[in-house]
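Just below is one structure, and these are the notes that go with it.
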Amino acid sequence: MKFQIVLGFAAQALAVAISNEGDRTTDEDPVSTRSFVLPPFPSPFPSPFPSKRTPEPSDLVYIPPSAPNPTDVQIEGFVYGGTGCPSNTVSSVLSDDRTIMTLIFDQYVAQIGPGVSVTENRKNCQLNIDLRYPGGFQYSVFSADYRGYAYLDPGVTGTQKSIYYFSGQTAQASTQTTWVGPMDQDYLLHDQTDVTSIVWSPCGQNGAMNINSQIRLTSTNATAVGELTNDSIDTSFQQIVHVSWQECNSTKT
């Protein structure tokens, strides 16, 4: 069973440095929340993994003036910890064009029901990403996509929540989605961060981005069961994080 975070920024391969930010509590952060019953999962799902074919000239990535050259952006490493990502359960895949990095979590699964320990109702993961990029640029998280599978009996509610912040800053952005049972299907959904809460990395220095995520199940039915787990197509639960670049003298800040 795998949980994935796909980071949508230009990147190269890595070495790790972690901040002392710790595991921020996500329950107090203001977020935009929505609840719904999801539509049927589309098939086939377009793969986020890099192509193995030889790139063609038409595959060259357009670099907008407000973004750094992808070859100048490097993810030097990541450090992680939590009940949903214990040691040696996270690996990474880098796309051919170095614009997407996929972090694969092997044990990010929440369960609830008779005989299930309460500690299995909620799983979390704190991730620190050390990103190096040219001076004069900064980036932010503006949306996240989620793909996976959920089984929820009537009375069971599932929640996935993530907060994003940069080391040394107090401002943060959040996304949250709620699933309401009954439900037994794959899902694919998109969450946009509130434009008023978009947080930009510091200018003039490299920004270490932190992602604190959790998946949680609650129930009003003592006999009901629920699980937020891996996708039925490729045994992976994915969180795809989209970032936006701008020049430091931009009027966006």
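The values are calculated or read from the model by the stated rules, or taken from the named source; none is laboratory data. In this text the structure is predicted, and so the values were computed from the model without any measurement. With ideal geometry, Cβ positions are generated from the backbone for all residues, glycine too; neighbour counts draw on all protein chains shown.
Couple of notes before you dig in:
- In the range 208-227, residue farthest from the chain's Cα centre (by Cα) [restricted to those that are of a type in the set (S, T, N, Q) and in a strand (DSSP E or B)]: 219
- Residues in the range 172-181 that are more than 12 Å from the chain's Cα centre (by Cα) and at pLDDT below 90: 172, 173, 177.
- Boolean, residue 118 is surrounded by fewer than 18 Cβ atoms within 10 Å (Cβ to Cβ) and either modelled with pLDDT of 80 or more or under 26 Å from residue 219 (Cα atoms) (or both): yes
- Members of the range 213-242 found to be at pLDDT below 75 and not small (Gly, Ala, Ser), listed by number: 229, 230, 231, 233, 234, 235, 237, 238, 239, 240, 241, 242
- The single residue among 126, 107, 169 that is at pLDDT 80 or above, closer than 30 Å to residue 204 by Cα and not in a strand (DSSP E or B) turns out to be 169.
- Residue within the range 172-185 that is in contact with a helix residue (DSSP H, G or I) (Cβ under 8 Å, 6 or more places away or on another chain), touching a residue at least 24 places away in the same chain (Cβ under 8 Å) and within 23 Å of residue 133 (Cα to Cα) present: yes
- Of residues in the range 129-166 being at pLDDT below 95 and part of a loop (DSSP other than H, G, I, E, B), the one nearest to residue 222 (Cα to Cα): 133
- Residue in the range 182-201 that is among the aliphatic types (A, V, I, L, M), under 30 Å from residue 223 (Cα atoms) and under 17 Å from the mean Cα position of the chain (by Cα) present: yes
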